[in-house]
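Comments concern the structure below.
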Amino acid sequence: QKEVEQDPGPLSVPEGAIVSLNCTYSNSAFQYFMWYRQYSRKGPELLMYTYSSGNKEDGRFTAQVDKSSKYISLFIRDSQPSDSATYLCAPSRREGRRALTFGSGTRLQVQP
Amino acid sequence: DVKVTQSSRYLVKRTGEKVFLECVQDMDHENMFWYRQDPGLGLRLIYFSYDVKMKEKGDIPEGYSVSREKKERFSLILESASTNQTSMYLCASSIYTDTQYFGPGTRLTVL
């Protein structure tokens, strides 16, 4: 079993839709939960992160973590064609040199 | 502004060639990483370095080596390129090992 599971998609939605991207993980040692966004032919960039359980909002993006069920979500409100990208969840132990584990990414397409 | 650069965007090499991929960061970060990214497999860690001349193997180090002689530069070396090393190679750097800044990637094709 992989430490981090993520549906590869593609997920296609119309412009303006609310998008829900999800990951599950197996290691209870993860404390920080990162979301990276990767545009086509570019390197990933850190979008946002949360610590432990709960929600964090940043503009149209909300990251949610439920540690009891080991479930991570990223919600995008009022989705735009510019949000079309691959989204990678990446839980982190924070401590130690091998802290970060990437999911395989979900490809999102927002249709105008 | 944070900057990680990689020496080439696209590279074509022949089987058996020695290949050097260079990565430079201008943020004075201690940690640097090399990943490869393949469809369906996501990002896989090849090697990382937590200080000059210090390195540790990642998940898939076979067929690769690395060099970090200066803090800002981390090189990935394919000793004898093979077709199964055709991939996108991504370099990253970080202060904390989880908030990583990535370069644009090098798409390597081995013929």
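Just so you know, all these numbers are worked out from the coordinates, no wet-lab data involved. Fair warning: this is a prediction, and the values are worked out from it, not measured in the lab. Cβ: placed from backbone, ideal geometry, glycine included. Neighbour counts: every protein chain shown.
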Notebook entry, point to check: Can you name the residue in region B:53-93 that is in contact with a helix residue (DSSP H, G or I) (Cβ under 9 Å, 6 or more places away or on another chain) and touching a residue at least 24 places away in the same chain (Cβ under 8 Å) and, of all such residues, is farthest from B:VAL110 (Cα to Cα)?
Noted result: B:TYR64
Notebook entry, point to check: If you go through region B:42-56 one residue at a time, do you hit one that is closer than 17 Å to A:LEU88 by Cα, hydrophobic (A, V, I, L, M, F, W, C), at the interface with chain A (Cβ under 9 Å from one of its Cβ atoms) and touching a Phe, Trp or Tyr at 6+ places or on another chain (Cβ under 6 Å)?
Noted result: yes
Next item on the list: Tell me, please, whether a residue that is among the aliphatic types (A, V, I, L, M) and surrounded by fewer than 16 Cβ atoms within 10 Å (Cβ to Cβ) can be found in region B:79-86.
Entry: no
Next item on the list: Take region B:14-41 and flag every residue that is within 10 Å of chain A (Cβ to nearest Cβ) and within 10 Å of the chain's Cα centre (by Cα).
Entry: B:PHE33, B:TYR35
Check: Can you tell me which residues in region B:100-111 are crowded, with 19+ Cβ neighbours inside 10 Å and farther than 16 Å from B:GLY58 by Cα?
Finding: B:TYR101, B:PHE102, B:GLY103, B:GLY105, B:THR106, B:LEU108, B:VAL110
Next item on the list: Provide a single number: the residues in region B:9-35 that are in a strand (DSSP E or B) and either without any contact (Cβ under 8 Å) to a residue 24 or more places away in the chain or not basic (Lys, Arg) (or both).
Entry: 15
Check: Hey, which of the strands (runs of 3 or more DSSP E) in region B:64-111, taking only ones fully inside, have at least 1 residues that are under 26 Å from A:MET34 (Cα atoms)?
Finding: B:73-78, B:87-94, B:100-102, B:106-110
Note to self: Can you find, within region B:67-102, the residue that is farthest from B:ARG44 (Cα to Cα) among those that are aliphatic (A, V, I, L, M) and away from chain A (no Cβ under 14 Å)?
What the structure shows: B:ALA81
Next item on the list: Look through region B:57-66, keep the residues that are surrounded by fewer than 18 Cβ atoms within 10 Å (Cβ to Cβ) and farther than 22 Å from A:LEU46 by Cβ, and return whichever of them is nearest to the other protein chains (Cβ to nearest Cβ).
Entry: B:LYS57
